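Report on the structure given below.
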Amino acid sequence: MKKILAFISFLTIITSCSSDDELKQLPLTMSGSNSVEYTFNGKRMSSFDSDETKEIQCSFNINTTWIHIKLGKNDIYSTLTISANTLLEEGKTYQIKGMLNSNVQAYNEYYGPNIPYVNCGTNNEVGGTITIAKLDYTNKIITGTFSYDCVGDKGVIYTVRDGWFDLKF
């Protein structure tokens, strides 16, 4: 009887884990792999399973950083742009807000043929944070995590969560 209960408990634990949960736990590589992952309003977007629409661009210098991501899967597309008008430093966390309250802003789009177009961005009241985990000038790698809220045209708040990037610049 104990073996049967142990087996049932084991199956319950195994079946309660979804593949999305497992993918959210991927480690931050910090190797310049040009990979990114985040959720937009609960929908997971990842460079690991994006189709041919994938675009990943990063520009970095002393005064400005610009990260632009476009991912698509099954005709659903998401763009994410984070721009910083300040010197970013490894190990520091920065506020993502509007120009009056921060030097870091974020903008998103989310769209597809059968879903309404969403265009949203952070502002002086709505935002979040970005943390730079690695900044390697020699190998030109920037790695970080981010999480924020953004507001759409009609005042609707959208969430960007569990975000991370590992990019070459």
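Coordinate-derived values only; no laboratory data. Computed from a predicted structure; not experimentally measured. Ideal geometry is used to build each Cβ from the backbone, glycine not excepted, and the neighbour counts take in all protein chains shown.
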Sites residue 59 and residue 156, calculated FRET efficiency, Cβ-Cβ separation with R0 45 Å, nearest 0.05
0.90
Report the equivalent ellipsoid semi-axes for segment 29-168 in whole Å, largest first, defined as the square roots of five times the eigenvalues of the gyration tensor built from alpha carbon atoms.
23, 19, 11
Given a Förster distance of 41 Å, the FRET efficiency implied by the Cβ-Cβ spacing of residue 41 and residue 136, rounded to the nearest 0.05, works out to 0.80
Tell me, 137, 77 in order of fewest to most beta-carbon neighbours within 10 Å?
137, 77
Can you give me the Cα centroid spacing of segment 27-55 and segment 104-159 in angstrom?
13 Å
Pick out, in residue order, every one of the GluC sites (Glu not before Pro) in segment 46-117 that is DSSP loop and has at most 12 other C-beta atoms within 10 Å; say none if there are none.
52, 89
